[in-house]
Amino acid sequence: MKLFLDTADYKKIAECSVTGLIDGVTINPSLLKVQNEPPLKIVQEIIKVLPEAEISLQVTEQDPHKVYEQAKHIVNVADNMLVKIPCHKLYMPVIAQLIQEGIPVNATLVFTLNQAFELAKLGVHYISLFVGRLYDNGVDGLKVATTIQQMLDTYDYDSELLIASVRNPEHIEGALALGCDAITIPVDIFNQLSMSSLSDAGLEQFKQDWLQGPHKQLLE
Ligand code: E4P
């Protein structure tokens, strides 16, 4: 499963990148709102840190013609850019056109199986399902994710399910259990992934046993 960071904070992305675990970054207007630097500079800094990573940048225009133009602009920034376009009736023809032109689309703001079905038929690269926002609204987000993954598998669609709007580590375990292709997570959740209180306790125990034992060197 590909692991993306859901942030526009390139300094934090740089800190996380040393783990070798990050396959990409997803950016939306809300994530840019809390950064004080120009979006283009942010993207360029991310590319410096993660030159091979997939970077999904969301359009900010609303008019479909302008969305189309902006999408083309976004993918021209670098080879590994994907354009995030909201799932909405207004933008379906734009998505269809971009896909015809070979532009990789990450369809965002997806909440239902029917939306995912339409996007898979169009051939988007990623279907970004907002699992956390579904739970916020009383819907079992991972259950919707399961039905979408089954639909993609049953009909052999090329689109990949990307679990987005992740709120806790259990959402990641749920995504792994259903076998989806990718997930995007906030940095604070990423930083929790390699932690366990049992690992901490075990580490302390080994340290004490070594210090209390008879040896001074491990290999001499
Ligand atoms: C990523 O592609 C989405 O824009 C993001 O995960 C949304 O997360 P949120 O619901 O926490 O804003």
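The values are calculated or read from the model by the stated rules, or taken from the named source; none is laboratory data. Predicted, not measured: the structure shown is a model, and the values here were computed from it. All Cβ positions, even for glycine, are placed from backbone atoms using ideal geometry, and neighbour counts span all protein chains on display. Just so you know, the surface numbers come from the protein's heavy atoms only, side chains and all, with ligands and any DNA or RNA stripped out. Shrake-Rupley method; radii C 1.70, N 1.55, O 1.52, S 1.80 Å.
For Y155, the solvent-accessible surface with a 1.4 Å probe is about 150 Å², rounded to the nearest 10. For L162, the residues whose amide H sits under 5 Å from its own are I127, S128, L129, ignoring neighbours fewer than 5 places away on the same chain, with H placed 1.01 Å from N. Checking the Cα-Cα distances for K72/K121; K11/K33; K48/K121; K2/K66; K12/K207 against a 23 Å cut-off, the pairs over it are K48/K121; K2/K66; K12/K207. Based on the convex hull around the alpha carbon atoms, the range 154-220 presents an average projected area of 8.2 nm². Taking 7 Å steps out from each Cα toward its Cβ at K12 and L40 produces label points 2.6 nm apart.
If the segment from E173 to F206 were pulled out straight at 0.36 nm per residue, it would be longer than the present Cα-Cα gap by 9.0 nm. A simple spin-label model places pseudo-atoms 7 Å from Cα toward Cβ; at K2 and E52 they are separated by 1.3 nm. Solvent exposure of the range 2-193 amounts to 49 Å² per residue of accessible area, where only protein heavy atoms count and the probe is 1.4 Å. Largest first and in whole Å, the equivalent-ellipsoid semi-axes of the chain read 37, 22, 15, each the square root of five times a Cα gyration tensor eigenvalue.
In terms of Cα to Cα distance under 14 Å, which aspartates and glutamates are near enough to K41, apart from those fewer than 8 places away along the same chain? Reachable aspartates and glutamates: D9. Here the accessible area is traced with a 1.4 Å probe on the protein chains. For the chain, carbon and sulfur cover 53 percent of it.
Taking a spot 7 Å from the Cα of A96 along the direction of its beta carbon, which residues of the range 45-66 have an amide N less than 18 Å from it? 64-66, by backbone N distance to the label point. The residues packed around I103, meaning those with a beta-carbon under 13 Å from its beta-carbon, carry a net charge of -1 if Lys and Arg are +1 and Asp and Glu are -1. Using 0.36 nm per residue and subtracting the Cα-Cα separation, the extra length available between K72 and S199 on full extension is 41.0 nm.
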